[in-house]
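Take this structure first; my questions come after.
The values are calculated or read from the model by the stated rules, or taken from the named source; none is laboratory data. All values derive from a computational prediction rather than experimental measurement. Here Cβ is always computed from backbone atoms with ideal geometry, including for glycine, and neighbour counts include all displayed protein chains.
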Amino acid sequence: MTEPNGADNILYVVIGCDCDPDRPQYSGTRYDSRAPLKWRGVREGIRRAREIADGIKDDFGNPPKITWCVRSDLQMDEIYGDCAWPYGKFADLWESLAERGDEIAWHPHLWRWSDEHGCWYQEIEDEEWMRECLREGSTALSAHMGRPSLTSRMGWEFHNNITMQQIDELGIKVDFSAVPGRFTPGHADKWGSVFNCYVDWRNTPEGAYVPSPSDYRREAKTKEEALRVTELPMSIFRSGVLGIASRLRRATKAKSWDRLKQLFSANNGNTASLKAYITIHPYIFSRLVTAKINEAQQNGSALLVTAFHADEILDWRGHGGGLHRCQHFAKNVQRLRREVANARIGVKFVTAGETLQLVGHAEEHTQWRRHYLRRCLA
Ligand SMILES: [Zn+2]
């Protein structure tokens, strides 16, 4: 394929944004409070992110498209009386973003209130509750949007067999939650929750796949019936040094020896698979970009899938905020554009839902499509 800048190879880029309320590390409400939440990230961060992104263009003349993932789940219902309250409250914002070619997707969290502990925690065991949370969240969001959402991105990037089957039953076509190789055992945190951040994506492939109903982390085997949803994993890169640093950081949060052992056995050898949000330090993000450029040069095309949170785009210079920051976002967007051009490959920004159109058969889940996805997006 020959692209507009004359490059033979092309890098497709998906950027997702989790439009959560402000988190405690970004001056948001603690998890041991049922009070209404703060939404400065959505009110101010989203417009700022759009302005920054509009400063660059891909080889098709378009600024980065962003897939905005809007909360709709039982926590919102409990606090505001409507699962999809964040859609209704900021409807003008979502509609103006959708009009300009961004995608509005669904971001459900399984936050459940514990009377015993007096806090929100991540529910990962109660099947009935998890199914209800997703069914109600999806129905409410569709009602507000006037159409079903095509795409989902799960809170904490968590899935298990129940949740993957449920989003499939709800008609979601693309889910971009997987982080291949990642396992975190879940933990209490200093912001009041007794348990959250559990994920298990061990043995998940790096390319898009159609999951097995009996193991959400892998593609269905030849004789096994597959689900219909396409799982689009976040892009990862491998690094020995950064892998050790990341595991040490997580180890400090592990509460027991068993969890610690699980953590250190999750990645074999010295090279860990790491995801990189587009708001992380440019040193780390550039590792991901370099890996993806190499892949596009070798295979003709590659897909980079990254994300960020709305509260990270507020101005945190000198006062508070976490590892992920607005100024990193601006540098990473510009650096991505520059490095792709220097490598003489083309870049095209797409929404998560549009990755289905890359193969031209958005509604069909054929063997051919699976094969194509594996070949082009791996
Ligand atoms: Zn979230």
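List the helices (runs of 4 or more DSSP H) inside the stretch 269-378, counting only whole elements, that have at least 3 residues being touching a Pro at 6+ places or on another chain (Cβ under 9 Å), modelled with pLDDT of 90 or more and surrounded by 17 or more Cβ atoms within 10 Å (Cβ to Cβ).
The qualifying helices (runs of 4 or more DSSP H) are 326-342.
Testing L37 on (1) modelled with pLDDT of 95 or more; (2) of a type outside the set (D, E, K, R); (3) out of contact with any strand residue (DSSP E or B) (no Cβ under 9 Å at 6 or more places or on another chain); (4) away from the ligand (no atom under 16 Å from the Cβ), one condition comes back false. Which one is that?
(4)
Counting only residues that are surrounded by 17 or more Cβ atoms within 10 Å (Cβ to Cβ), over 22 Å from T163 (Cα atoms) and out of contact with any Ser or Thr (no Cβ under 8 Å at 6 or more places or on another chain), how many does the stretch 190-206 have?
1
So, of the residues in the stretch 65-99 that are out of contact with any Leu (no Cβ under 9 Å at 6 or more places or on another chain) and assigned to a loop (DSSP other than H, G, I, E, B), which turns out to be surrounded by the most Cβ atoms within 10 Å (Cβ to Cβ)?
Filtering first and then ranking leaves K65.
Taking the stretch 145-177 only, how many residues are more than 14 Å from C69 (Cα to Cα) and either outside any loop (DSSP other than H, G, I, E, B) or within 15 Å of the ligand (Cβ to nearest atom) (or both)?
11
Then there's this: Do we find that G186 is in contact (Cβ under 8 Å) with a residue 40 or more places away in the chain and either within 20 Å of the chain's Cα centre (by Cα) or not in a loop (DSSP other than H, G, I, E, B) (or both) in this structure?
Working: in contact (Cβ under 8 Å) with a residue 40 or more places away in the chain: yes; either within 20 Å of the chain's Cα centre (by Cα) or not in a loop (DSSP other than H, G, I, E, B) (or both): yes.
Yes, satisfied.
For a quick check of your reading of the model, give me the residue pairs whose first member lies in the stretch 12-41 and is within 13 Å of M76 (Cα to Cα) and free of Cβ contacts under 8 Å to residues at least 40 places away in the same chain, whose second is within 13 Å of the ligand (Cβ to nearest atom) and small (G, A, S), with beta-carbon atoms closer than 7 Å and at least 6 apart or on different chains.
From residues that are within 13 Å of M76 (Cα to Cα) and free of Cβ contacts under 8 Å to residues at least 40 places away in the same chain, the pairs are K38/G28.
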